Structures are given as structure tokens and as C-alpha cells.
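Working notes, beginning with the structure itself.
Values in this text are rule-based calculations from the coordinates and carry no lab data. Quantities reported herein were computed from a predicted structural model and do not represent experimental measurements. Here the Cβ positions follow ideal geometry from the backbone for every residue, glycine too, while neighbour counts run over all protein chains shown.
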Amino acid sequence: MKLNALMDNYGARADAKRVGRGIGSGMGKTAGRGHKGQKARSGARKQATFQGGQMPILRRFPKFGFNNPFAKEYVTINLGDIEKFIASGKIDAKAPITIDSLFASKVINRKMSGLKVLAKGEIKSKVEIVATKWSKAAEEAIVKAGGSIKAK
């Protein structure tokens, strides 16, 4: 067996059908496309969304909604999560907790428009938090634990 002697099995490959090469070929004149019409033309095919010439459903229904390009989205963090990360050593309780320090310690994965602190869970550590927004319950819990929260 030699590499130059390898070949396909008989009948494994069919010759390409040559259309439009005279009436004697059986595929001459219209080349199997019938007479006239869109499917007889070269390059003409109906789109997948074509609905028989009527007004497409996506154009029949009105557009609605609005995306505000100036909307702000905040990264939210709960007090219970802050306590958990302090216990695990990811966050230093002695240093101020900011959005930059949370990002650097990989507690959050993007900064967005700012940091919002929420009161889910409880905090026992005395911490200083610098945030954009916070809930009243979160502020009360932080102050009760002996910490402070201030705006960035």
C-alpha cells in the first residue's frame, strides 16, 4: 500500500451536475429551474422572514419601551456579605471599604456607576464604608456595630 495509490471507493464521489449545456444533456435551456418567476432568476431567494408579500408581523406591531442612556446602575452589596468577606480575610476591616477596594479584592467584578449598601444579613465588625448610596436600615446597622458610612 502506497500513499499515491489511495483512492475513494467506487461511487463515493459523484460528478457535479452540469446544467444549461444544451438540450441533449437533459438539463439544458431552463437548467431545471422551470419558466420565469423569482426562483428562475440568478441570486434571487426569499428571505427566511418573507411572509408572502403581506406586511411582515414585525412591522405590523408598534414599537414600545425606552432605554435610558443616562440611567445609572449600582453594584449592590449586603452587610452579611461584607461580614463574610471580612471573616474570610478578603476585606480588611481596619481600612475604609470603597468600591475600589472591593474591586481590587475581587469581591465585585465591575464598578458600574457606584456602590450601594443594603441591610440583608448582619454586621458585627466596626467598619468604615464609603459608598454612593445605602439603605436606612444598612446605615442603622453599621452605626449600631460602631462603624460609619459616608458618601463618595
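Once the chain from GLU73 to ALA137 is taken as fully extended at 0.36 nm per residue, the excess over their C-alpha distance is 21.0 nm.
Close amide H contacts of GLY121 (hydrogens built in the peptide plane, cut-off under 5 Å, sequence separation of 5 or more or a different chain): GLY80.
Computed 3J(HN,Hα) for segment 16-24, one whole-Hz value per residue from the Karplus formula 6.51 cos²θ - 1.76 cosθ + 1.60 where θ = phi - 60°, is 5, 6, 9, 9, x, 10, x, 5, x, glycine and proline marked x. Treating each Cα of the chain as one equal point scatterer and applying the Debye formula with no solvent, the log10 of I(q)/I(0) at q = 0.15 Å⁻¹ comes out as -0.89.
From the largest down, segment 26-73 spans 68, 23, 10 angstrom on the principal axes of its Cα atoms. Over segment 75-151, Cα pairs under 8 Å with separation of 6+ residues give a relative contact order of 33 percent.
With distances taken between every two different alpha-carbon atoms, segment 1-47 has a Kirkwood hydrodynamic radius of 14.0 Å. Counted by Cβ distance under 9 Å from MET112, the other residues give a net charge of +2, where Lys and Arg count +1 and Asp and Glu count -1. Charge dipole of segment 1-128 (Cα centre as origin; +1 on each Lys and Arg Cβ, -1 on each Asp and Glu Cβ, all else neutral): 1280 debye, rounded to the nearest 20.
Amide H contacts of GLU128: ILE97, SER148, each under 5 Å away and 5 or more positions distant or on a separate chain (H built 1.01 Å from N in the peptide plane; Pro and chain starts excluded).
Rounded to the nearest 0.05, what FRET efficiency is calculated for TYR10 and MET55 with R0 set to 35 Å and r the Cβ-Cβ distance? Show your work: numbers first, answer last.
Numbers: r = 55 Å, r/R0 = 1.56.
Working from the Cβ atoms, E equals 0.05.
Gain on full extension, evaluated as 0.36 nm per residue between ALA95 and GLN47 minus their Cα-Cα distance, stands at 11.2 nm. Figure legend: label point modelled 7 angstrom from the Cα of ALA40 along Cα→Cβ; residues of segment 10-27 with amide N under 17 Å from it are 20-23, 27. For the residue pairs LYS17/LYS46; LYS72/LYS116; LYS111/LYS152, alpha carbon separations beyond 19 Å are given by LYS17/LYS46.
Taking 41 Å as R0, compute the FRET efficiency from the Cβ-Cβ separation of LYS124 and ALA104 and round it to 0.05. Efficiency computed from Cβ-Cβ geometry: 0.95. Computed from backbone phi, the HN-Hα couplings of segment 78-92 come to 8, 4, x, 5, 4, 4, 5, 6, 5, 5, 7, x, 6, 10, 8 Hz, rounded to whole numbers (Karplus: 6.51 cos²θ - 1.76 cosθ + 1.60, θ = phi - 60°; Gly and Pro given as x).
How do 8-21, 132-145 rank on mean C-beta neighbours within 10 Å, highest first?
Details: 8-21: 8.3, 132-145: 15.9.
So the peptides 8-21, 132-145, ranked by packing, come out 132-145, 8-21.
Can you check what the net charge comes to around LYS150, using other residues whose Cβ is under 13 Å from the Cβ of LYS150 (Lys, Arg +1; Asp, Glu -1)? Here the count lands on 0. With Cα atoms as the point set, the radius of gyration and Dmax of segment 75-151 evaluate to 10.9, 29 Å. Relative contact order for the chain: 16 percent, from Cα pairs under 8 Å spaced at least 6 residues apart, divided by residue count.
Counted by Cβ distance under 13 Å from THR132, the other residues give a net charge of +4, where Lys and Arg count +1 and Asp and Glu count -1.
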